[in-house]
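Asker: My questions all concern the structure below.
Read-outs: derived from the displayed coordinates by stated rules, not from any lab. The model shown is predicted, which means the values in this text are computed figures rather than measured ones. Neighbour counts are summed over all protein chains in view; Cβ atoms, including those assigned to glycine, are modelled from backbone coordinates with ideal geometry.
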Amino acid sequence: MLFAFDLSLESQQGFDAVVDMFENSFFAKLITWGLVSCLLYHLFAGVKHLIMDCGYCEELESGTLAAKVTLGAGVAAVILSGVWVW
């Protein structure tokens, strides 16, 4: 991804090459989907930990529920990011 970012900033031809690569390459779309999915799950888990740092959902039952909600939101985000990328 850093290579593609660097190439896209070099010139208009580099940008067009990156756009073409992401439109026609299964592997590039797969990497993009994986990275976006990881970042979205990390976001949801971070929000859960911020809520726990504020003193909420620290008990076993509510912590388990918060973990399940985080996983559910992560799965939904993975599916939606897959639709967005493909």
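Asker: Roughly speaking, what is the stretch gain from E23 to L2, that is 0.36 nm per residue apart minus the C-alpha to C-alpha distance, in nm to one decimal? All intermediate terms of the calculation are to be shown ahead of the outcome.
Answerer: Values: separation 21, 0.36 × 21 = 7.56 nm, distance 1.73 nm.
Difference between extended and current length: 5.8 nm.
Asker: Calculate one ³J(HN,Hα) per residue across segment 39-49 by plugging θ = phi - 60° into the Karplus curve 6.51 cos²θ - 1.76 cosθ + 1.60, and present them in order as whole Hz with x for glycine and proline.
Answerer: Whole-Hz 3J(HN,Hα) from phi for segment 39-49: 5, 5, 5, 4, 4, 5, 5, x, 5, 4, 5.
Asker: Additional query: Can you compute the modelled spin-label distance between C38 and L80, with each label point 7 Å from Cα toward Cβ, in nm?
Answerer: 2.1 nm
Asker: Run the simple label-point estimate for K68 and Q12 please: 7 Å along Cα→C-beta, distance reported in nm.
Answerer: Reported label-point gap for K68 and Q12 is 5.6 nm.
Asker: Still on this structure, I have one more. For the chain, taking Cα atoms only, what is the radius of gyration to one decimal and the Dmax to the nearest whole Å?
Answerer: In Å, with Rg to one decimal and Dmax whole: 17.8, 56.
Asker: Relative contact order, percent, of segment 26-85 when contacts are C-alpha pairs under 8 Å separated by at least 6 residues?
Answerer: Details: 32 pairs, mean separation 32.9, N = 60.
55 percent.
Asker: Let me ask you something else. Go ahead and estimate [θ] at 222 nm for the chain from helices alone: -39,500 (n - 2.57) per DSSP H run with n ≥ 4, summed, over the residue count, rounded to 500.
Answerer: The helix contribution divided over the chain gives -30000 deg cm²/dmol.
Asker: Mind giving me the FRET efficiency for E61 and L30? R0 is 30 Å, r the Cβ-Cβ distance, nearest 0.05 is fine. Working shown, then result.
Answerer: Numbers: r = 38 Å, r/R0 = 1.27.
It comes out at approximately 0.20.
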